[in-house]
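Here's the structure, in C-alpha coordinates; my notes come after.
The values are calculated or read from the model by the stated rules, or taken from the named source; none is laboratory data. If you're wondering where the values come from, they're calculated on a predicted model, not measured in any experiment. A quick note on method: Cβ atoms are made from the backbone with ideal geometry, for glycine too, and the neighbour counts reach across all protein chains shown.
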Amino acid sequence: MEKRVVITGMGIYSCLGKNLDEVKNSLYNGVSGIVLDPVRKELGFRSGLTSKLDVPDLKGQLSRAQRVFMPEQAKYAYVATVEALNNAKIDQDYLDANSVGLLYGNDSSAEPVYKSVETMFKKKNTTLIGSGGIFQSMNSTVTMNLGCIFHLRGINLTISGACASGSHAIGLGSLLIRNGLEDMVVCGGAQEVNPYAVGSFDGISAFSTREDAPTKASRPFDRDRDGLVPGGGAATVIIEEYEHAVKRGANIIAEIKGWGFSSNGDHISSPNVAGPAKSLENCLRLSNVDIKEIGYINAHATSTHIGDMNEAKAISQIFGDCRPYVTSTKSQTGHEMWMAGASEVIYSTLMMKNNFVAANLNFENPDEDSAKLNIPGQRVDAHFDMFLSNSFGFGGTNSTLIVKNL
(Lines give C-alpha, C1' and ligand atoms only; values in the text may rest on other atoms or scores of the structure.)
Protein backbone atom coordinates (compact mmCIF):
# COMPACT_ATOMS: atom_id res chain seq x y z
CA MET A 1 0.00 0.00 0.00
CA GLU A 2 1.25 3.49 -0.86
CA LYS A 3 2.58 5.29 2.19
CA ARG A 4 1.25 8.62 3.46
CA VAL A 5 3.48 11.70 3.61
CA VAL A 6 3.12 14.30 6.34
CA ILE A 7 4.71 17.60 7.30
CA THR A 8 6.13 17.57 10.84
CA GLY A 9 8.34 20.66 10.83
CA MET A 10 8.68 24.03 9.11
CA GLY A 11 11.22 26.83 9.20
CA ILE A 12 11.62 30.04 7.25
CA TYR A 13 13.88 33.05 6.75
CA SER A 14 11.97 35.57 4.67
CA CYS A 15 11.48 39.26 4.00
CA LEU A 16 8.26 38.80 6.01
CA GLY A 17 10.14 37.60 9.08
CA LYS A 18 13.01 35.55 10.40
CA ASN A 19 10.84 32.81 11.89
CA LEU A 20 7.38 31.27 11.62
CA ASP A 21 5.69 33.59 14.12
CA GLU A 22 6.99 36.77 12.49
CA VAL A 23 5.98 35.52 9.05
CA LYS A 24 2.50 34.52 10.22
CA ASN A 25 1.93 38.00 11.66
CA SER A 26 3.14 39.68 8.46
CA LEU A 27 0.83 37.53 6.36
CA TYR A 28 -2.10 38.27 8.63
CA ASN A 29 -1.48 42.03 8.69
CA GLY A 30 -0.68 42.44 5.00
CA VAL A 31 2.92 43.57 5.51
CA SER A 32 5.06 44.01 2.41
CA GLY A 33 8.78 43.21 2.45
CA ILE A 34 9.58 45.15 -0.73
CA VAL A 35 11.90 48.19 -0.78
CA LEU A 36 13.91 50.32 -3.22
CA ASP A 37 17.62 49.44 -3.12
CA PRO A 38 19.87 52.41 -4.04
CA VAL A 39 22.84 50.08 -4.64
CA ARG A 40 21.02 48.55 -7.62
CA LYS A 41 20.46 51.97 -9.13
CA GLU A 42 24.18 52.72 -8.75
CA LEU A 43 24.90 49.48 -10.63
CA GLY A 44 22.73 50.65 -13.53
CA PHE A 45 19.63 48.60 -12.80
CA ARG A 46 16.50 49.63 -14.67
CA SER A 47 14.59 48.76 -11.47
CA GLY A 48 16.03 48.98 -7.97
CA LEU A 49 13.09 47.16 -6.37
CA THR A 50 13.77 44.10 -4.23
CA SER A 51 12.62 42.40 -1.08
CA LYS A 52 14.68 43.37 1.99
CA LEU A 53 16.63 40.68 3.78
CA ASP A 54 19.59 40.73 6.16
CA VAL A 55 22.20 38.02 5.73
CA PRO A 56 22.34 36.18 9.09
CA ASP A 57 25.53 36.37 11.13
CA LEU A 58 26.33 32.77 12.04
CA LYS A 59 29.36 33.48 14.22
CA GLY A 60 28.91 31.56 17.45
CA GLN A 61 26.59 29.09 15.75
CA LEU A 62 28.98 27.61 13.21
CA SER A 63 32.76 27.42 13.08
CA ARG A 64 34.76 29.57 10.69
CA ALA A 65 35.71 26.40 8.81
CA GLN A 66 31.99 25.74 8.21
CA ARG A 67 31.07 29.33 7.37
CA VAL A 68 33.76 29.72 4.72
CA PHE A 69 31.94 27.27 2.44
CA MET A 70 28.57 29.02 2.73
CA PRO A 71 27.28 31.65 0.31
CA GLU A 72 24.38 33.90 1.20
CA GLN A 73 21.59 31.47 0.33
CA ALA A 74 23.16 28.60 2.31
CA LYS A 75 23.12 30.82 5.41
CA TYR A 76 19.41 31.49 4.91
CA ALA A 77 18.84 27.76 4.45
CA TYR A 78 20.77 26.90 7.60
CA VAL A 79 18.66 29.23 9.75
CA ALA A 80 15.42 27.94 8.21
CA THR A 81 16.50 24.33 8.71
CA VAL A 82 17.44 24.86 12.35
CA GLU A 83 13.93 26.20 12.97
CA ALA A 84 12.31 23.37 10.99
CA LEU A 85 14.21 20.68 12.91
CA ASN A 86 13.34 22.33 16.23
CA ASN A 87 9.73 22.63 15.10
CA ALA A 88 9.75 18.90 14.29
CA LYS A 89 11.46 18.09 17.63
CA ILE A 90 14.41 16.49 15.88
CA ASP A 91 17.80 16.87 17.58
CA GLN A 92 21.30 16.05 16.41
CA ASP A 93 21.25 12.74 18.26
CA TYR A 94 18.29 11.67 16.11
CA LEU A 95 20.02 12.77 12.90
CA ASP A 96 23.18 10.90 13.90
CA ALA A 97 21.25 7.69 14.61
CA ASN A 98 18.97 7.69 11.54
CA SER A 99 19.16 8.04 7.77
CA VAL A 100 17.55 11.36 6.82
CA GLY A 101 17.37 12.64 3.24
CA LEU A 102 17.95 16.13 1.89
CA LEU A 103 16.37 17.67 -1.23
CA TYR A 104 16.70 21.43 -1.66
CA GLY A 105 15.84 23.75 -4.51
CA ASN A 106 18.55 26.14 -5.71
CA ASP A 107 19.32 27.30 -9.24
CA SER A 108 22.06 29.90 -8.95
CA SER A 109 25.01 31.02 -6.90
CA ALA A 110 25.95 34.16 -8.77
CA GLU A 111 27.81 36.28 -6.24
CA PRO A 112 30.56 33.73 -5.45
CA VAL A 113 31.10 33.13 -9.18
CA TYR A 114 31.38 36.87 -9.81
CA LYS A 115 33.84 37.33 -6.92
CA SER A 116 36.00 34.39 -8.06
CA VAL A 117 36.21 35.70 -11.62
CA GLU A 118 36.90 39.23 -10.37
CA THR A 119 39.79 37.92 -8.26
CA MET A 120 41.25 36.08 -11.26
CA PHE A 121 41.15 39.18 -13.44
CA LYS A 122 42.46 41.56 -10.79
CA LYS A 123 45.04 39.39 -9.02
CA LYS A 124 46.08 37.02 -11.84
CA ASN A 125 46.41 34.31 -9.19
CA THR A 126 43.78 31.61 -8.72
CA THR A 127 45.09 30.63 -5.29
CA LEU A 128 43.70 33.92 -3.99
CA ILE A 129 40.11 32.84 -4.77
CA GLY A 130 40.15 30.97 -1.47
CA SER A 131 39.25 27.49 -0.33
CA GLY A 132 35.54 28.25 -0.11
CA GLY A 133 35.19 29.57 -3.64
CA ILE A 134 34.31 26.33 -5.40
CA PHE A 135 31.83 25.15 -2.76
CA GLN A 136 30.09 28.52 -2.60
CA SER A 137 29.77 28.84 -6.37
CA MET A 138 28.18 25.47 -7.21
CA ASN A 139 24.39 25.21 -7.56
CA SER A 140 24.53 22.30 -5.10
CA THR A 141 26.08 24.53 -2.44
CA VAL A 142 23.04 24.44 -0.17
CA THR A 143 22.74 20.66 0.02
CA MET A 144 26.52 20.24 0.31
CA ASN A 145 26.59 22.57 3.30
CA LEU A 146 23.43 21.37 5.05
CA GLY A 147 24.32 17.71 4.51
CA CYS A 148 27.70 18.16 6.18
CA ILE A 149 26.57 20.47 8.98
CA PHE A 150 23.67 18.27 10.08
CA HIS A 151 25.37 14.93 9.28
CA LEU A 152 22.55 13.84 6.97
CA ARG A 153 23.09 10.40 5.41
CA GLY A 154 20.06 9.81 3.19
CA ILE A 155 19.65 11.15 -0.33
CA ASN A 156 21.53 14.43 -0.84
CA LEU A 157 20.46 16.26 -3.99
CA THR A 158 19.92 19.81 -5.24
CA ILE A 159 16.81 20.36 -7.35
CA SER A 160 17.57 22.89 -10.08
CA GLY A 161 14.21 23.63 -11.66
CA ALA A 162 14.11 27.42 -11.97
CA CYS A 163 11.24 29.00 -10.05
CA ALA A 164 9.64 25.61 -9.40
CA SER A 165 12.76 24.27 -7.64
CA GLY A 166 11.44 24.41 -4.06
CA SER A 167 8.13 22.83 -5.02
CA HIS A 168 9.81 20.06 -7.02
CA ALA A 169 12.04 19.34 -4.01
CA ILE A 170 9.00 18.73 -1.80
CA GLY A 171 7.28 16.74 -4.53
CA LEU A 172 10.28 14.49 -5.14
CA GLY A 173 10.76 14.03 -1.40
CA SER A 174 7.16 12.93 -1.05
CA LEU A 175 7.63 10.47 -3.91
CA LEU A 176 10.61 8.86 -2.16
CA ILE A 177 8.63 8.48 1.05
CA ARG A 178 5.51 7.12 -0.68
CA ASN A 179 7.63 4.41 -2.24
CA GLY A 180 9.43 3.47 0.98
CA LEU A 181 12.85 4.76 -0.06
CA GLU A 182 13.11 7.27 2.79
CA ASP A 183 11.32 7.74 6.11
CA MET A 184 12.19 11.41 6.45
CA VAL A 185 13.43 14.09 4.05
CA VAL A 186 14.53 17.67 4.74
CA CYS A 187 13.10 19.63 1.79
CA GLY A 188 13.15 23.28 0.85
CA GLY A 189 14.27 26.09 -1.40
CA ALA A 190 16.79 28.93 -1.15
CA GLN A 191 17.38 32.09 -3.16
CA GLU A 192 20.21 34.61 -3.01
CA VAL A 193 19.08 38.25 -2.82
CA ASN A 194 22.23 40.05 -3.99
CA PRO A 195 22.03 42.14 -7.18
CA TYR A 196 24.46 39.93 -9.14
CA ALA A 197 21.88 37.13 -9.16
CA VAL A 198 19.21 39.17 -10.94
CA GLY A 199 20.99 41.72 -13.13
CA SER A 200 20.20 39.69 -16.25
CA PHE A 201 16.50 39.61 -15.28
CA ASP A 202 16.56 43.39 -15.01
CA GLY A 203 18.27 43.53 -18.40
CA ILE A 204 15.31 41.87 -20.12
CA SER A 205 12.83 44.26 -18.44
CA ALA A 206 11.33 41.55 -16.23
CA PHE A 207 11.01 43.80 -13.18
CA SER A 208 8.40 46.33 -12.15
CA THR A 209 9.57 49.93 -12.37
CA ARG A 210 7.02 51.29 -9.90
CA GLU A 211 9.87 52.68 -7.81
CA ASP A 212 7.90 55.60 -6.39
CA ALA A 213 5.80 53.16 -4.34
CA PRO A 214 7.77 49.96 -3.66
CA THR A 215 5.06 48.23 -1.62
CA LYS A 216 2.62 48.78 -4.50
CA ALA A 217 4.94 47.34 -7.15
CA SER A 218 4.15 43.63 -6.87
CA ARG A 219 0.53 43.33 -7.98
CA PRO A 220 -0.30 39.80 -9.14
CA PHE A 221 -3.44 39.48 -11.28
CA ASP A 222 -4.03 43.25 -11.28
CA ARG A 223 -4.77 44.84 -14.64
CA ASP A 224 -1.97 47.40 -14.15
CA ARG A 225 0.84 45.01 -13.22
CA ASP A 226 4.13 45.84 -14.91
CA GLY A 227 6.57 43.11 -13.86
CA LEU A 228 7.84 41.11 -10.93
CA VAL A 229 9.95 42.16 -7.94
CA PRO A 230 12.87 39.85 -7.01
CA GLY A 231 13.12 38.42 -3.53
CA GLY A 232 14.60 35.49 -1.67
CA GLY A 233 15.61 33.78 1.55
CA ALA A 234 15.00 30.15 2.43
CA ALA A 235 12.25 27.80 3.56
CA THR A 236 12.60 24.28 4.97
CA VAL A 237 9.89 21.65 5.36
CA ILE A 238 10.44 18.37 7.22
CA ILE A 239 8.38 15.61 5.61
CA GLU A 240 8.12 12.03 6.79
CA GLU A 241 6.15 8.83 6.46
CA TYR A 242 2.95 8.97 8.53
CA GLU A 243 3.51 5.82 10.62
CA HIS A 244 7.11 6.84 11.23
CA ALA A 245 5.92 10.23 12.50
CA VAL A 246 3.29 8.65 14.76
CA LYS A 247 5.81 6.18 16.17
CA ARG A 248 8.25 8.89 17.21
CA GLY A 249 5.43 11.02 18.66
CA ALA A 250 5.80 13.85 16.17
CA ASN A 251 3.42 16.80 15.99
CA ILE A 252 1.83 16.22 12.58
CA ILE A 253 1.03 19.55 10.92
CA ALA A 254 -0.44 18.56 7.56
CA GLU A 255 -0.42 15.87 4.89
CA ILE A 256 0.97 16.16 1.37
CA LYS A 257 -1.85 14.64 -0.64
CA GLY A 258 -0.08 14.72 -3.96
CA TRP A 259 2.30 16.26 -6.44
CA GLY A 260 1.59 17.06 -10.07
CA PHE A 261 4.04 18.23 -12.70
CA SER A 262 4.39 18.95 -16.40
CA SER A 263 6.51 20.74 -18.97
CA ASN A 264 5.19 23.31 -21.40
CA GLY A 265 7.39 22.07 -24.24
CA ASP A 266 7.15 25.54 -25.68
CA HIS A 267 8.86 28.93 -25.36
CA ILE A 268 11.76 29.14 -22.90
CA SER A 269 10.40 32.15 -21.00
CA SER A 270 6.77 32.73 -22.05
CA PRO A 271 4.39 30.29 -20.33
CA ASN A 272 1.36 28.79 -22.00
CA VAL A 273 -1.97 27.58 -20.61
CA ALA A 274 -1.77 23.87 -21.43
CA GLY A 275 1.33 23.14 -19.33
CA PRO A 276 0.07 24.66 -16.05
CA ALA A 277 -3.38 23.15 -16.61
CA LYS A 278 -1.81 19.70 -17.02
CA SER A 279 0.16 20.14 -13.80
CA LEU A 280 -3.05 21.02 -11.96
CA GLU A 281 -4.93 18.10 -13.51
CA ASN A 282 -2.17 15.63 -12.67
CA CYS A 283 -1.97 16.79 -9.07
CA LEU A 284 -5.73 16.53 -8.52
CA ARG A 285 -5.83 13.09 -10.13
CA LEU A 286 -2.82 11.66 -8.30
CA SER A 287 -4.06 13.13 -5.01
CA ASN A 288 -7.50 11.58 -5.56
CA VAL A 289 -8.97 14.94 -4.58
CA ASP A 290 -12.18 16.55 -5.82
CA ILE A 291 -11.83 20.21 -6.77
CA LYS A 292 -14.59 21.08 -4.27
CA GLU A 293 -12.24 20.05 -1.45
CA ILE A 294 -9.71 22.78 -2.33
CA GLY A 295 -10.42 25.83 -0.19
CA TYR A 296 -7.48 27.96 -1.26
CA ILE A 297 -5.00 28.23 -4.14
CA ASN A 298 -1.62 29.89 -3.67
CA ALA A 299 -0.97 30.92 -7.26
CA HIS A 300 2.43 31.17 -8.86
CA ALA A 301 1.40 34.59 -10.25
CA THR A 302 4.53 36.73 -10.24
CA SER A 303 2.96 39.99 -11.47
CA THR A 304 3.96 39.60 -15.13
CA HIS A 305 1.38 40.17 -17.82
CA ILE A 306 1.54 36.86 -19.69
CA GLY A 307 2.32 34.63 -16.72
CA ASP A 308 -0.58 35.82 -14.58
CA MET A 309 -2.95 35.82 -17.54
CA ASN A 310 -2.21 32.23 -18.53
CA GLU A 311 -2.26 30.92 -14.96
CA ALA A 312 -5.66 32.57 -14.41
CA LYS A 313 -6.88 30.85 -17.58
CA ALA A 314 -5.53 27.49 -16.42
CA ILE A 315 -7.11 27.77 -12.96
CA SER A 316 -10.43 28.85 -14.46
CA GLN A 317 -10.27 25.99 -16.98
CA ILE A 318 -9.74 23.38 -14.26
CA PHE A 319 -11.94 24.76 -11.48
CA GLY A 320 -14.78 26.23 -13.54
CA ASP A 321 -17.67 27.38 -11.37
CA CYS A 322 -15.97 26.05 -8.22
CA ARG A 323 -14.33 29.22 -6.93
CA PRO A 324 -11.82 28.68 -4.10
CA TYR A 325 -9.95 31.70 -2.79
CA VAL A 326 -6.95 32.48 -5.02
CA THR A 327 -4.09 34.74 -4.00
CA SER A 328 -0.41 35.16 -4.70
CA THR A 329 1.69 35.80 -1.60
CA LYS A 330 4.23 37.32 -4.00
CA SER A 331 2.20 40.50 -3.59
CA GLN A 332 3.90 40.73 -0.17
CA THR A 333 7.23 39.03 -0.78
CA GLY A 334 8.03 39.63 -4.42
CA HIS A 335 9.15 36.59 -6.40
CA GLU A 336 11.34 34.41 -4.17
CA MET A 337 12.35 32.37 -7.23
CA TRP A 338 14.15 29.11 -6.31
CA MET A 339 12.75 29.41 -2.78
CA ALA A 340 9.16 30.22 -3.73
CA GLY A 341 7.73 26.73 -4.11
CA ALA A 342 8.81 25.84 -0.57
CA SER A 343 8.06 29.15 1.12
CA GLU A 344 4.57 29.30 -0.36
CA VAL A 345 3.77 25.88 1.10
CA ILE A 346 4.73 27.31 4.48
CA TYR A 347 2.80 30.56 3.94
CA SER A 348 -0.29 28.59 2.92
CA THR A 349 0.05 26.15 5.82
CA LEU A 350 0.34 29.02 8.30
CA MET A 351 -2.88 30.48 6.88
CA MET A 352 -4.63 27.11 6.99
CA LYS A 353 -3.62 26.47 10.60
CA ASN A 354 -4.69 29.97 11.64
CA ASN A 355 -7.95 30.32 9.69
CA PHE A 356 -7.23 33.15 7.29
CA VAL A 357 -6.35 33.89 3.69
CA ALA A 358 -3.77 36.63 3.30
CA ALA A 359 -4.73 39.51 1.03
CA ASN A 360 -3.62 39.61 -2.58
CA LEU A 361 -2.08 43.04 -2.08
CA ASN A 362 -2.54 45.71 -4.74
CA PHE A 363 -5.35 43.85 -6.49
CA GLU A 364 -7.35 46.92 -7.41
CA ASN A 365 -8.57 46.26 -10.95
CA PRO A 366 -9.06 42.75 -12.32
CA ASP A 367 -8.45 42.05 -15.97
CA GLU A 368 -10.58 39.85 -18.20
CA ASP A 369 -8.98 36.63 -16.91
CA SER A 370 -8.44 37.40 -13.22
CA ALA A 371 -12.06 38.59 -12.96
CA LYS A 372 -13.08 34.94 -13.32
CA LEU A 373 -11.22 33.99 -10.12
CA ASN A 374 -12.13 34.58 -6.47
CA ILE A 375 -9.22 36.89 -5.58
CA PRO A 376 -9.60 38.81 -2.29
CA GLY A 377 -7.84 42.15 -2.13
CA GLN A 378 -8.22 42.15 1.65
CA ARG A 379 -7.50 39.48 4.24
CA VAL A 380 -10.30 36.96 4.64
CA ASP A 381 -10.87 35.28 7.99
CA ALA A 382 -11.96 31.85 6.82
CA HIS A 383 -11.37 28.19 7.61
CA PHE A 384 -10.12 25.77 4.96
CA ASP A 385 -8.68 22.28 5.24
CA MET A 386 -6.92 21.85 1.92
CA PHE A 387 -4.89 24.06 -0.40
CA LEU A 388 -3.17 23.82 -3.75
CA SER A 389 0.13 25.55 -4.50
CA ASN A 390 1.41 26.28 -8.02
CA SER A 391 5.03 26.88 -9.00
CA PHE A 392 6.13 27.44 -12.59
CA GLY A 393 9.59 28.18 -13.97
CA PHE A 394 11.65 29.21 -16.99
CA GLY A 395 11.96 26.46 -19.54
CA GLY A 396 8.32 25.57 -18.94
CA THR A 397 8.76 23.46 -15.79
CA ASN A 398 5.57 23.23 -13.70
CA SER A 399 4.91 21.85 -10.23
CA THR A 400 1.70 21.65 -8.20
CA LEU A 401 1.28 20.45 -4.61
CA ILE A 402 -1.89 19.71 -2.63
CA VAL A 403 -1.68 19.85 1.16
CA LYS A 404 -4.36 18.81 3.67
CA ASN A 405 -4.82 19.98 7.24
CA LEU A 406 -4.38 17.40 10.00
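Numerical summary
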item: Test: residue in the range 83-97 that is more than 26 Å from VAL6 (Cα to Cα) and assigned to a helix (DSSP H, G or I); result: no
item: Conditions (1) under 16 Å from GLY166 (Cβ atoms); (2) out of contact with any Cys (no Cβ under 8 Å at 6 or more places or on another chain): number failed by GLY393; result: (2)
item: Test for SER316: is it part of a helix (DSSP H, G or I) and surrounded by 24 or more Cβ atoms within 10 Å (Cβ to Cβ); result: no
item: The listed residue being among the acidic types (Asp, Glu), modelled with pLDDT of 95 or more and either in contact with a Lys or Arg (Cβ under 9 Å, 6 or more places away or on another chain) or more than 26 Å from THR8 (Cα to Cα) (or both), out of ASP93, ASP57; result: ASP57
item: Of residues in the range 49-82 being over 21 Å from ILE346 (Cα atoms), without any contact (Cβ under 8 Å) to a residue 24 or more places away in the chain and not in a loop (DSSP other than H, G, I, E, B), the one nearest to the chain's Cα centre (by Cα); result: ARG67
item: Positions within the range 115-146 being free of Cβ contacts under 8 Å to residues at least 12 places away in the same chain, of a type outside the set (Val, Ile, Thr) and outside any loop (DSSP other than H, G, I, E, B), in sequence order; result: GLU118, MET120, PHE121, LYS122, LYS123, LEU128
item: Test result for VAL326, aliphatic (A, V, I, L, M), under 28 Å from ARG210 (Cα atoms), modelled with pLDDT of 95 or more and crowded, with 24+ Cβ neighbours inside 10 Å; result: yes
item: Single unsatisfied condition, THR215 versus (1) polar (S, T, N, Q); (2) assigned to a loop (DSSP other than H, G, I, E, B); (3) touching a residue at least 40 places away in the same chain (Cβ under 8 Å); (4) within 21 Å of SER370 (Cβ to Cβ); result: (2)
item: Residue within the range 31-46 that is touching a residue at least 60 places away in the same chain (Cβ under 8 Å), closer than 27 Å to ALA245 by Cβ and of a type outside the set (Asp, Glu) present; result: no
item: Criterion: touching a Phe, Trp or Tyr at 6+ places or on another chain (Cβ under 6 Å) and on the phi < 0 side of the Ramachandran plot - qualifying residue of ASP308, ASP290; result: ASP308
item: Residue match in the range 170-187 (condition: of a type in the set (D, E, K, R), in a strand (DSSP E or B) and in contact with a strand residue (DSSP E or B) (Cβ under 6 Å, 6 or more places away or on another chain)); result: no
item: Lone unmet requirement of (1) buried (at least 21 other Cβ atoms within 10 Å of the Cβ); (2) β-branched (Val, Ile, Thr); (3) in a loop (DSSP other than H, G, I, E, B) for ILE252; result: (1)
item: Qualifying positions in the range 379-406 - among the hydrophobic types (A, V, I, L, M, F, W, C) and either surrounded by fewer than 19 Cβ atoms within 10 Å (Cβ to Cβ) or in a strand (DSSP E or B) (or both); result: VAL380, ALA382, MET386, PHE387, LEU388, PHE392, PHE394, LEU401, ILE402, VAL403, LEU406
item: Hits in the range 49-66 - residues which are among the small types (Gly, Ala, Ser) and touching a Pro at 6+ places or on another chain (Cβ under 8 Å); result: SER51
item: Complete set of residues in the range 74-110 that are touching a helix residue (DSSP H, G or I) at 6+ places or on another chain (Cβ under 6 Å) and over 18 Å from ILE155 (Cβ atoms); result: ALA74, ASP107, SER108, SER109, ALA110
item: Residues located in the range 279-292, provided they are touching a residue at least 12 places away in the same chain (Cβ under 8 Å), in contact with a helix residue (DSSP H, G or I) (Cβ under 9 Å, 6 or more places away or on another chain) and surrounded by fewer than 22 Cβ atoms within 10 Å (Cβ to Cβ); result: GLU281, VAL289, ILE291
